[in-house]
């Protein structure tokens, strides 16, 4: 883990200590700096979970990634800072009907330091945690963005977010530690299954100090902290590439393949 390169990428130059203040600041700066994105899966390319490959992609190359990459990178950085980090696996509930069982296709982190325990998750996309949550309470907890809470459900815990005055479930998870190999099958399935959302549609998001920027397909939305939303439709790949650079700070190496697939999906190729 090249900790100095990672901290430079997220713009953190504070203390190196396993404290709540350090954890909260690192998590916030990570979400403000490294976007969630599924460009590789959208293009049918392999998504590697090798730590070195992930670091080169998200740190050196200025790209983003999804939960398996994001929380792998954050977990290794936190370990280098002196925290104890345990990888957990979750079932995504966001956008699913209540009571529908889903596979454990999400990676998140149980973090310990200074005698305290927190939940960290910088890889949930448009509703990702920009703060950390105490694990010892079911009360609502403030983050730099929305209110969140952890609710017990049998042996599992449910992560919920307050959205438009309604508590919505993001995912449920148990406390069983996961090994790196435990995420490989889910990572592969999401990246290559034709039925996967991430092979069908481009999804990019990044938190800002003022709200959240979210791209789904060709719709670009900004959800402000005051509850207002601004939306626009990207008409073609030129607009997409400009948005990736200006809004999300992403420079894509495989521009031609991304542009071609996006134009086909939006119909702009036929119009031209």
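The single condition among (1) at pLDDT 90 or above; (2) under 22 Å from residue 44 (Cα atoms) that residue 255 does not satisfy is (1).
In segment 93-103, the condition of being surrounded by 19 or more Cβ atoms within 10 Å (Cβ to Cβ), in contact with a helix residue (DSSP H, G or I) (Cβ under 7 Å, 6 or more places away or on another chain), touching a residue at least 60 places away in the same chain (Cβ under 8 Å) and in the same structural domain as residue 176 (by TED's automatic domain parsing) is met by no residue.
Hey, could you check segment 67-86 for residues that are under 18 Å from residue 36 (Cβ atoms) and touching a strand residue (DSSP E or B) at 6+ places or on another chain (Cβ under 6 Å) and say which is surrounded by the most Cβ atoms within 10 Å (Cβ to Cβ)? Of everything passing the filter in segment 67-86, 71 is surrounded by the most Cβ atoms within 10 Å (Cβ to Cβ). For segment 143-181, a tally of residues being assigned to a strand (DSSP E or B) and in contact (Cβ under 8 Å) with a residue 60 or more places away in the chain returns 8. Give 221, 207, 260 a once-over and let me know the one that is more than 20 Å from the chain's Cα centre (by Cα) and closer than 27 Å to residue 59 by Cα. That would be 260, the only listed residue that is more than 20 Å from the chain's Cα centre (by Cα) and closer than 27 Å to residue 59 by Cα.
On the given criteria, is residue 213 assigned to a helix (DSSP H, G or I) and touching a residue at least 12 places away in the same chain (Cβ under 8 Å)?
Numbers: assigned to a helix (DSSP H, G or I): no; touching a residue at least 12 places away in the same chain (Cβ under 8 Å): yes.
It is false that residue 213 is assigned to a helix (DSSP H, G or I) and touching a residue at least 12 places away in the same chain (Cβ under 8 Å).
Of 142, 195, all but one fail to be out of contact with any helix residue (DSSP H, G or I) (no Cβ under 7 Å at 6 or more places or on another chain) and outside the structural domain of residue 39 (by TED's automatic domain parsing); the exception is 195.
Table: residues versus (1) farther than 24 Å from residue 33 by Cβ; (2) surrounded by 12 or more Cβ atoms within 10 Å (Cβ to Cβ); (3) touching a helix residue (DSSP H, G or I) at 6+ places or on another chain (Cβ under 9 Å).
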| site | (1), (2), (3) |
| --- | --- |
| 206 | no, yes, yes |
| 209 | no, no, yes |
| 225 | no, yes, no |
| 234 | no, yes, yes |
| 253 | no, no, no |
| 264 | yes, yes, yes |
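Kindly indicate whether any position in segment 112-132 is part of a strand (DSSP E or B), under 19 Å from the mean Cα position of the chain (by Cα) and exposed (fewer than 15 other Cβ atoms within 10 Å of the Cβ). Looking through segment 112-132, none of the residues is part of a strand (DSSP E or B), under 19 Å from the mean Cα position of the chain (by Cα) and exposed (fewer than 15 other Cβ atoms within 10 Å of the Cβ).
Within segment 54-70, work out how many residues are more than 22 Å from residue 246 (Cβ to Cβ) and in contact with a helix residue (DSSP H, G or I) (Cβ under 9 Å, 6 or more places away or on another chain). Working first, answer last.
As a first pass, look at segment 54-70 and keep what is more than 22 Å from residue 246 (Cβ to Cβ): 54-56, 67-69.
This time we only want the ones that are in contact with a helix residue (DSSP H, G or I) (Cβ under 9 Å, 6 or more places away or on another chain), so: 54-55, 67-69.
Residues meeting the conditions: 5.
I'm trying to understand the selection: among the residues of segment 2-58, which are under 30 Å from residue 260 (Cα atoms) and part of a loop (DSSP other than H, G, I, E, B)? Once the filter is applied, which keeps residues that are under 30 Å from residue 260 (Cα atoms) and part of a loop (DSSP other than H, G, I, E, B), segment 2-58 yields 34, 35, 38, 43, 44, 45, 46, 47, 48, 49, 50.
The values are calculated or read from the model by the stated rules, or taken from the named source; none is laboratory data. The shown structure was predicted, so the numbers you read here are calculated from the model rather than taken from an experiment. Because the Cβ atoms are built from the backbone with ideal geometry, glycine has one as well, and the counts that use them run over all protein chains shown.
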